[in-house]
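Here is the structure we will look at, set down as structure tokens.
Coordinate-derived values only; no laboratory data. What you see is a predicted model, and the numbers here were worked out from it, not measured in a lab. Cβ: placed from backbone, ideal geometry, glycine included. Neighbour counts: every protein chain shown.
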Amino acid sequence: MKYISTRGQAPTLNFEDVLLTGLASDGGLYVPETLPQFSLDEIRAMRELPYNELAFKIVQPFVGGCIADADLKAIIDDTYGSFAHKAVAPVTQIDHNEYVLELFHGPTLAFKDFALQLLGRLLDHVLEKRQERVVIMGATSGDTGSAAIEGCKRCNNIDIFILHPHNRVSEVQRRQMTTIEGDNIYNIAIEGNFDDAQAMVKASFGDQGFLRGERRLVAVNSINWARIMAQIVYYFYASLNLGGPDRKMSYSVPTGNFGDIFAGYLAKRMGLPIDQLVIATNRNDILHRLISTGIYKKEALEHTLSPSMDIVVSSNFERMLFDLYDRDGNVLADLMQRMNNETVELDADKLAKARELYSSAAADDEVTSKVISDVFNDTGYLLDPHTAIGVHAARTTRWNKDVPMITLGTAHPVKFAPAIEKAGLASPELPHHLADLFERDERYTVLPAELTTVQSFIADHVFG
Ligand SMILES: *Cc1c(COP(=O)(O)O)cnc(C)c1O
């Protein structure tokens with residue numbers, strides 16, 4: 001399997017190199033040159049498989065022989081064996097023909113564990129084989145940081161630096177990052193917002209000269225292809241559990257950087273019968289506005305009850321545009337340049353294609369709270385605010401009630417206590433593996449939002 005850049009000018013890479021790369025050298029994102037295809041018969045034959053075995057079947061063609069099958073199997077078994085629910089990704093019913101796919105049974109209670117627990121183990125394997133050490137640098141608005149640290153904490157060949165906006169992540173989220181023990185783990189609280197942290201990470205990837213020696217930076221945000229790949233699996237798993245592939249399913253996906261829903265689009269292209277794919281956003285609704293009006297326009301960041309979806313631009317949407325624009329790297333390089341600098345109107349035929357693929361809806365904080373309390377009153381089931389936005393979008397855009405509608409349950413409600421309390425409900429208890437979270441010692445360093453200060457801190461603390 002070969003990987004190509006969305007902007008057409010960077011070298012073609014294999015899986016192992018893509019794993020160790022952030023942005024492509026031309027500024028684009030890597031995508032597979034072709035997608036593995038599964039026939040309905042082949043998908044039907046996967047019905048009996050437990051999550052880890054299904055994951056191996058879906059992931060193996062993407063790895064393309066870079067990791068021996070037996071090793072890959074062991075890595076996948078270990079990854080999903082660390083989840084607190086035997087089914088790994090169980091489906092819960094919340095209304096007639098309406099479901100939540102629970103993706104929060106991993107160690108850090110959000111769907112990002114599906115990709116980052118795997119990514120950490122894959123990196124460890126590859127780096128051990130190459131006898132190489134790397135530096136992970138990432139910015140988080142909350143969920144990515146803890147999942148990345150948890151996934152990489154055992155890796156002897158990785159130093160990991162995670163930047164979070166000081167005082168702008170929930171206490172549970174902060175403690176999940178800052179209480180993980182390890183000499184190779186550094187949490188940096190930036191005196192600024194998420195965009196400041198993200199901008200420093202971007203600049204550091206662009207010019208890695210501040211790192212000494214032969215070290216390089218590896219990305220853990222969803223520009224890393226392996227994250228998208230791991231997320232394709234649970235679309236197959238949920239469909240197969242509800243009668244697929246002989247029934248179509250629809251999915252509603254709480255969306256920020258467009259990683260999770262892009263994985264759903266790929267599952268569909270690989271042969272899984274999917275009817276609707278719904279983009280669910282909070283008030284940071286650039287994608288909902290794009291699908292409903294055809295106009296791509298950046299707006300100021302809003303802080304909402306669903307902070308993991310508080311974004312200005314959606315980085316993975318570039319991968320979708322690449323397909324919409326018939327995989328023409330030159331056209332895309334020009335389009336991305338324009339989208340970065342000005343308001344852009346999508347060509348009518350491209351917009352029509354996007355609307356065939358996606359429905360969309362946005363919810364503000366008031367709607368989010370109402371959905372949390374409505375669903376709790378109707379079923380006794382507590383949604384986290386991100387999932388609630390997914391349920392809202394599912395209900396307002398659904399075009400066929402006979403098709404099961406599955407909302408991706410992206411986080412456990414305990415991570416977002418303020419939103420639960422705002423909905424007039426009591427915050428749930430921490431699951432038993434995190435029960436002592438508030439007693440654990442925290443370790444983090446507060447730094448100003450200055451690139452050179454952050455880079456010197458990293459250079460000084462990289463091992464060796
Ligand atoms: C990251 C995250 C999202 C958004 O996922 P994307 O892949 O960035 O679209 C939604 N909900 C939660 C809880 C998250 O942590």
Share of Cα-Cα pairs in the stretch 106-152 beyond 12 Å, in percent?
60 percent
Cα convex hull volume per residue for the stretch 287-384 (Å³):
116 Å³
Convex hull of the stretch 369-464 built on C-alpha atoms - directionally averaged projected area, nm²:
11.1 nm²
Given a Förster distance of 25 angstrom, what is the FRET efficiency for LYS297 paired with ARG355, based on the Cβ-Cβ distance and rounded to 0.05?
0.90
Cα-based Rg of the stretch 101-210 per 2.2 N^0.38 Å, rounded to two decimals?
1.05
Rg and Dmax of the stretch 34-126 over Cα atoms: what are they, in angstrom?
14.5, 46
Length-normalised contact order of the stretch 336-462, Cα under 8 Å, at least 6 apart, in percent, tallies to 19 percent
Potential lengthening between LYS129 and ARG327 on full extension [0.36 nm per residue; Cα-Cα distance subtracted]:
67.9 nm
Note: ALA84 to ASP364 extended length (0.36 nm per residue) minus current alpha-carbon separation gives 97.6 nm
Members of LYS73/LYS268; LYS2/LYS248; LYS353/LYS422; LYS2/LYS202; LYS2/LYS86; LYS112/LYS298 lying beyond 27 Å, as alpha-carbon distances in this model show:
LYS2/LYS248; LYS353/LYS422; LYS2/LYS86
Please return the longest range in the chain lying between exposed loop sites, taking chymotrypsin sites (Phe, Trp or Tyr not before Pro), DSSP loop only, at most 12 other beta-carbon atoms within 10 Å, and leaving the sites out.
1-398
How much mean residue ellipticity at 222 nm does the chain get from its helices, if each DSSP H run of length 4 or more adds -39500 (n - 2.57) and you divide by all residues, to the nearest 500 deg cm²/dmol?
-13000 deg cm²/dmol
Size-normalised alpha-carbon gyration radius of the chain, reference 2.2 N^0.38 Å
0.91
Can you give me the long-range amide H partners of ALA449? Hydrogens built in the peptide plane at 1.01 Å from N, cutoff under 5 Å, separation of 5 or more residues or another chain.
GLU191
So what is the relative contact order of the stretch 84-223, in percent, for Cα pairs below 8 Å that sit 6 or more residues apart?
23 percent
Given Cα pairs under 8 Å that are at least 6 residues apart, what percent is the relative contact order of the chain?
19 percent
For the stretch 337-384, what size does the Cα cloud have along each of its three principal axes, sorted from largest down, in whole Å?
46, 25, 13
I need the calculated FRET efficiency for the pair TRP399 and PHE210, taking r as the beta carbon distance and R₀ as 51 Å, to the nearest 0.05.
0.50
Using only the alpha-carbon atoms of the stretch 234-350 as identical scatterers, what base-10 log of I(q)/I(0) does the Debye formula give at q = 0.15, 0.16, 0.20 Å⁻¹?
-0.74, -0.83, -1.14
P(r) of the stretch 344-412 over all Cα-Cα pairs, binned every 5 Å from zero, in whole percent:
3, 16, 20, 21, 15, 11, 7, 4, 2, 0
A correct Karplus calculation of ³J(HN,Hα) over the stretch 216-226, with 6.51 cos²θ - 1.76 cosθ + 1.60, θ = phi - 60°, whole Hz and x for Gly and Pro, returns 10, 8, 10, 8, 10, 7, 7, 6, 6, 3, 4
